[in-house]
1. Look through Glu94, Glu107 and report the one residue that is modelled with pLDDT of 95 or more, farther than 30 Å from Asn41 by Cα and acidic (Asp, Glu).
2. Take the residues in the range 140-165 that are touching a helix residue (DSSP H, G or I) at 6+ places or on another chain (Cβ under 6 Å) and not charged (D, E, K, R); name whichever of them is surrounded by the fewest Cβ atoms within 10 Å (Cβ to Cβ).
3. So in the range 112-165, with the set limited to residues that are of a type in the set (Phe, Trp, Tyr) and within 24 Å of Leu17 (Cα to Cα), which one is nearest to the chain's Cα centre (by Cα)?
4. Only one of (1) open to solvent by 70 Å² or more (accessible area, probe 1.4 Å); (2) assigned to a strand (DSSP E or B) is not met by Ile95, so which one is it?
5. Out of all the residues in the range 131-139, is one or more open to solvent by less than 40 Å² (accessible area, probe 1.4 Å), in a loop (DSSP other than H, G, I, E, B) and among the β-branched types (Val, Ile, Thr)?
6. Which helices (runs of 4 or more DSSP H) sit wholly inside the range 1-88 and have at least 2 residues that are under 30 Å from Gly101 (Cα atoms), open to solvent by less than 90 Å² (accessible area, probe 1.4 Å) and in contact (Cβ under 8 Å) with a residue 12 or more places away in the chain?
7. May I ask you to verify whether Asn126 is within 21 Å of Asn8 (Cα to Cα), among the polar types (S, T, N, Q) and touching a residue at least 60 places away in the same chain (Cβ under 8 Å)?
Amino acid sequence: MKIKYKNNLQDVLSLSLYTYIRMPLMIVLFVIIIISSSYVNFIELIGENEKLLLVTKFILIEGRDIFFIVLLVAVLMFLSVLSKKNKNYYLNKEISISNNGLFQISEFSKTELSWKAIQKIAKTKNHIFLYVNQISAYIVPRRAFQNQNDWESFYSKIMQFKNET
């Protein structure tokens with residue numbers, strides 16, 4: 001089975017979002033930041049006498065802090081995918097799959113990977129991600145397929161090939 005496509009900014013952002021929000025380190029860092037922020041906010045409000053006002057202020061301050069943390073992460077993620085070092089993601093690609101592995105041809109490279117080299121396969125509504133390590137993956141967009149049947153057939157085949165290794 002062979003497909004041809006070109007990734008766009010949305011594809012690369014989708015990979016980044018899918019990957020980073022599932023990384024244990026990112027989850028731990030986010031929890032530590034929220035707990036630290038909550039503690040500081042609580043200490044600042046400790047002198048408040050009226051409990052309803054205390055709870056309301058605490059919730060509003062926490063919401064603000066979470067908003068700015070998420071905004072910062074989003075901006076950093078967006079800037080990282082705009083890097084010129086990611087140009088390989090935006091090239092025209094041809095991917096072929098067989099029971100021997102995945103074969104990719106682009107303007108700059110020819111890659112042949114056995115299914116053992118694929119660490120993880122993830123499917124979202126609009127993408128299939130074929131991870132070669134924790135944060136790097138081949139991005140296969142749904143739009144590369146002519147119809148739903150081809151999309152599902154491709155996913156079934158890669159899962160079959162991967163499970164046979």
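1. Glu94
2. Taking the candidates together, the pick is Thr165.
3. Per the stated criteria, the residue is Phe129.
4. Unmet for Ile95, out of (1) open to solvent by 70 Å² or more (accessible area, probe 1.4 Å); (2) assigned to a strand (DSSP E or B): (1).
5. no
6. 9-20, 51-81
7. Here the answer is yes, as Asn126 does meet what is asked.
The values are calculated or read from the model by the stated rules, or taken from the named source; none is laboratory data. Bear in mind that the values here come from a model prediction, so they are computed numbers and not experimental data. Every residue, glycine among them, receives a Cβ derived from its backbone with ideal geometry; neighbour counts consider all protein chains shown. These accessible areas exclude ligands, DNA and RNA; they are computed on the full protein's heavy atoms, side chains included. Shrake-Rupley method; radii C 1.70, N 1.55, O 1.52, S 1.80 Å.
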